[in-house]
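Below is one structure, written out as structure tokens; comments come after it.
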Amino acid sequence: MAARLNLFEIPTIAKALKQFAAGSRTVITESTLPKVTQDLVTLRASQINGCGYCTDAHSKDLAHAGESATRVNLVATWRESNVFTDAERAALELTEEGTRIADAAGGVGDEVWARAAEHYDTEQLAALVYIIAVINASNRFGVINRQAGGDYVPGQFG
């Protein structure tokens, strides 16, 4: 499967994507939200959205960072798994509701938010909101453009 467009060859889009990525790098490197939580969240949203490229990238990033194959493989079934902390489970639940916003009558429920707030401070919650929003946008780039998974190499973007 070939991508429909090489978005980085279109000057205006390439410039916008660089700015988009810069914002994400700021949150990734400066937030106190644990990096593994960030990667679990991005993997789960990518799975839900069916983005092959992002699912490939985030699962490989988790493995490259030393996460076990068991944890990486069970992200899709985190509710039926015992390998995630309560904090990670709260982040994954928030991710699912934030990703499936169109399917949830009231958006993200207060109970889901409260569970996340039990484990994360205000800055970390803001980082979660940002990461969930941005990965959903990234997934749409990948799915609409048919960006295939399989070729990502951890660290290839710096």
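Laid out as a table, the results:
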{"read-out": "Glu96 closer than 22 Å to Val143 by Cβ, free of Cβ contacts under 8 Å to residues at least 12 places away in the same chain and acidic (Asp, Glu)", "value": "no"}
{"read-out": "Complete set of residues in the stretch 25-38 that are within 14 Å of Ala126 (Cβ to Cβ) and part of a helix (DSSP H, G or I)", "value": "Thr26, Val27, Ile28, Glu30, Thr37, Gln38"}
{"read-out": "Yes/no for Glu93 being on the phi < 0 side of the Ramachandran plot, crowded, with 17+ Cβ neighbours inside 10 Å and of a type in the set (Asp, Glu)", "value": "yes"}
{"read-out": "Whichever residue in the stretch 108-126 is in contact with a helix residue (DSSP H, G or I) (Cβ under 8 Å, 6 or more places away or on another chain) and in a helix (DSSP H, G or I) and, among such residues, is nearest to Thr29 (Cα to Cα)", "value": "Leu125"}
{"read-out": "Subset of the stretch 1-16 (residues that are free of Cβ contacts under 8 Å to residues at least 60 places away in the same chain, among the hydrophobic types (A, V, I, L, M, F, W, C) and not in a loop (DSSP other than H, G, I, E, B))", "value": "Phe8, Ile13, Ala14, Ala16"}
{"read-out": "Pairs, first over 22 Å from Asn49 (Cα atoms) in the stretch 112-136, second assigned to a helix (DSSP H, G or I), C-beta under 6 Å, six or more apart", "value": "Arg115/Ala90; His119/Ala87; His119/Ala90"}
{"read-out": "Exclusive hit being more than 13 Å from the chain's Cα centre (by Cα), on the phi < 0 side of the Ramachandran plot and surrounded by 16 or more Cβ atoms within 10 Å (Cβ to Cβ), set Arg79, Arg71, Arg44", "value": "Arg71"}
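Taken together, the values in this text are just the output of simple stated rules run on the coordinates, not laboratory data. Please read these numbers as outputs of a predicted model, since none were measured by experiment. Methodologically, a virtual Cβ is constructed for each residue, glycine included, from the backbone with ideal geometry; neighbour enumeration extends over all protein chains shown.
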